[in-house]
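Visitor: If you scroll down you'll find the structure; I have some questions about it.
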Amino acid sequence: MKTGLNTVLDPTRRSREVEDFEACLRRKVVGQDDAIAKVTAVYQTFLAGLNPPGRPVGNLLFLGPTGSGKTRVVEVMAEALFGDPRAMLKIDCAEFQHSHEIAKLIGSPPGYLGHRETHPLLTQESLNQWHSDKLRLSLLLFDEVEKASDALWQLLLGILDKATLTLGDNRRVDLSHCLIFLTSNLGAAEINGLVESGLGFGQKSVDGEARLDDRTTRAALEAARRKFSPEFLNRIDKVVVFQRLRPGHLERILEIELGMVQQRILQAAGERQFVFRCTPQVKRFLIEQGTDPRYGARHLKRVIERDVVFPLSNLLATGQVRMGDFIRVELDGRGALSFVKEAEGVMVPLLEKFGEEWAPSAAAGRASRGAAAGAGSPGTRK
């Protein structure tokens with residue numbers, strides 16, 4: 001009888017669920033392969049049930065310059081696992097820079113003024129709200145953790161080590177099913193100095209890029225060692241340094257962001273759905289305007305909002321663009337963006353063909369309007 005004895009096993013294989021999870025992250029997070037790999041490894045351990053008992057599922061510290069995707073990774077995780085990028089509990093540590101503000105997080109003890117009016121943010125109900133029979137996992141994000149007060153630091157030491165928290169009214173919160181993320185911009189000034197010193201943003205040499213990434217990592221880790229105590233760092237399972245985004249990364253981010261703008265348009269209420277397309281010249285223009293190594297992808301997003309979204313909203317608000325129109329965004333002779341209506345009514349057959357896959361809210365709106373009119377139109381899906 002043939003058995004599996006003496007068979008060499010492959011510990012690098014992933015389960016199908018984790019492969020799908022990783023693929024979703026790679027589609028929407030650009031240029032941060034190390035972060036994706038470490039997050040995926042923690043998730044695989046959790047699904048296998050081998051995460052350490054009596055501790056959080058994982059404690060991850062994300063370091064790196066602003067706009068490099070630290071918070072974005074957590075949002076994409078929430079979207080991949082729960083279908084909503086907001087399916088996490090986010091604590092903005094900038095709101096807890098003074099010790100007395102810790103009451104907003106855990107509530108005031110009985111007898112203190114305002115005890116009954118202070119509703120804690122970090123409760124068992126808020127952590128478990130996205131749990132399901134299939135997946136009992138919570139995502140907890142402490143954003144800009146270096147700004148936290150000493151009182152919050154003391155709470156974090158207990159949370160990261162024992163996965164428990166006692167609220168002001170003595171209720172206990174269990175965080176053993178929590179994946180905890182802490183983000184920090186520590187070392188950003190040193191990193192920006194490296195980028196602007198000549199090793200810079202436009203460096204084409206692969207060896208030069210690798211050296212700069214290595215120096216960026218060392219600068220961020222050194223800044224973390226100066227700021228955080230050894231007992232805090234000893235409770236971190238994985239430290240990830242997010243690298244600066246290069247022009248090639250920004251090109252992929254541009255495509256993702258333009259796709260998200262189109263999705264917002266397709267999900268708009270009423271007779272507001274239309275399609276737009278940017279020419280290659282416009283995309284190069286947006287990349288040039290949106291490239292700033294100090295601010296990463298956030299600057300590109302601001303440029304898209306300023307040069308694409310705002311003009312499109314004005315065209316829509318003034319009735320120049322209607323339901324089903326196809327708009328081409330191009331560069332005119334002066335180097336400014338120009339918006340040209342190529343076709344009218346093309347959205348209707350697109351919605352009939354793709355329906356809820358493209359624009360579920362738009363399709364639902366069309367179905368409800370058709371039902372109100374008493375018409376069984378071919379485009380209405382049952």
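The values are calculated or read from the model by the stated rules, or taken from the named source; none is laboratory data. Not measured: the values here are computed from a predicted model. Methodologically, a virtual Cβ is constructed for each residue, glycine included, from the backbone with ideal geometry; neighbour enumeration extends over all protein chains shown.
Visitor: Considering each residue of the range 48-82, count those that are more than 23 Å from residue 123 (Cβ to Cβ) and out of contact with any strand residue (DSSP E or B) (no Cβ under 6 Å at 6 or more places or on another chain), and give that number.
Guide: 14
Visitor: While we're looking at this one, here's another question. Among the numbered conditions (1) modelled with pLDDT under 85; (2) of a type in the set (A, V, I, L, M, F, W, C); (3) surrounded by fewer than 18 Cβ atoms within 10 Å (Cβ to Cβ), tell me where residue 94 comes up short.
Guide: Just one mismatch for residue 94, condition (1).
Visitor: Right, next: Give 51, 59 a once-over and let me know the one that is at pLDDT 95 or above and either in the same structural domain as residue 162 (by TED's automatic domain parsing) or under 28 Å from residue 161 (Cβ atoms) (or both).
Guide: 59
Visitor: Mind checking which residues of the range 280-314 are touching a residue at least 40 places away in the same chain (Cβ under 8 Å), out of contact with any Phe, Trp or Tyr (no Cβ under 9 Å at 6 or more places or on another chain) and not small (Gly, Ala, Ser)?
Guide: Listed by number, the residues that qualify are 281, 282, 285, 287, 294, 295, 298, 299, 300, 301, 304, 309.
Visitor: Identify all residues within the range 52-80 that are within 27 Å of residue 300 (Cα to Cα) and part of a loop (DSSP other than H, G, I, E, B); write none if there are none.
Guide: Across the range 52-80, the qualifying residues are 64, 65, 66, 67, 68, 69.
Visitor: Could you tell me whether residue 226 is modelled with pLDDT of 80 or more, farther than 20 Å from residue 290 by Cβ, in contact with a helix residue (DSSP H, G or I) (Cβ under 7 Å, 6 or more places away or on another chain) and not hydroxyl-bearing (Ser, Thr, Tyr)?
Guide: Taking the combined requirement at face value, the residue does not satisfy it.
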